[in-house]
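Comments concern the structure below.
The values are calculated or read from the model by the stated rules, or taken from the named source; none is laboratory data. Keep in mind that what you see is a predicted model, and the values were worked out from it rather than measured. Using ideal geometry, Cβ is built from the backbone for each residue, glycine included, and neighbour counts are taken over all protein chains shown.
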C-alpha cells in the first residue's frame with residue numbers, strides 16, 4: 001500500500017535498521033523504543049490486523065511466529081526473556097494499520113502491559 005509506513009520500510013523506501021527478513025516478515029528497530037530492545041516485526045503482506053487473516057493463512061502467520069523466535073535467539077533475548085505484543089484496533093492503540101508485533105526486552109518489565 002502506497003501510504004503505509006511499514007510497507008515503505010519493507011520496500012526500502014524509508015530507511016530502517018533491519019535485524020531480520022524472510023518471506024513472511026521484516027523486523028527492524030523501533031524509532032521510538034519503549035525498552036532498551038524494541039523490535040517491530042511487520043508482515044510482508046499489507047493486512048490491517050490479525051482479523052484480516054483466515055484459516056488458509058496459518059502457514060503465513062506461523063512463519064511470523066517462528067521468525068519472532070529466531071529474532072529473539074539472534075538478538076540474545078532468550079536467557080532473560082522478552083515480551084511480544086500485538087495491538088489490534090483503536091482501543092489497543094494500534095498506531096499503524098498493518099499487522100505487526102513488538103518484541104520488547106532489555107530489563108525487568110514487571111507485570112505491566114506496555
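Overview of values
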quantity	calculated
Residue 96 being surrounded by 11 or more Cβ atoms within 10 Å (Cβ to Cβ), in contact (Cβ under 8 Å) with a residue 12 or more places away in the chain, in contact with a strand residue (DSSP E or B) (Cβ under 9 Å, 6 or more places away or on another chain) and assigned to a strand (DSSP E or B)	no
Evaluation of residue 80 against (1) within 14 Å of the chain's Cα centre (by Cα); (2) under 29 Å from residue 108 (Cβ atoms) (one fails), failing number	(1)
Residue check, residue 67 out of contact with any strand residue (DSSP E or B) (no Cβ under 6 Å at 6 or more places or on another chain), surrounded by 15 or more Cβ atoms within 10 Å (Cβ to Cβ), assigned to a helix (DSSP H, G or I) and modelled with pLDDT of 95 or more	no
All positions within region 1-27 that are free of Cβ contacts under 8 Å to residues at least 60 places away in the same chain, touching a helix residue (DSSP H, G or I) at 6+ places or on another chain (Cβ under 8 Å) and not in a loop (DSSP other than H, G, I, E, B)	19, 20, 25, 26
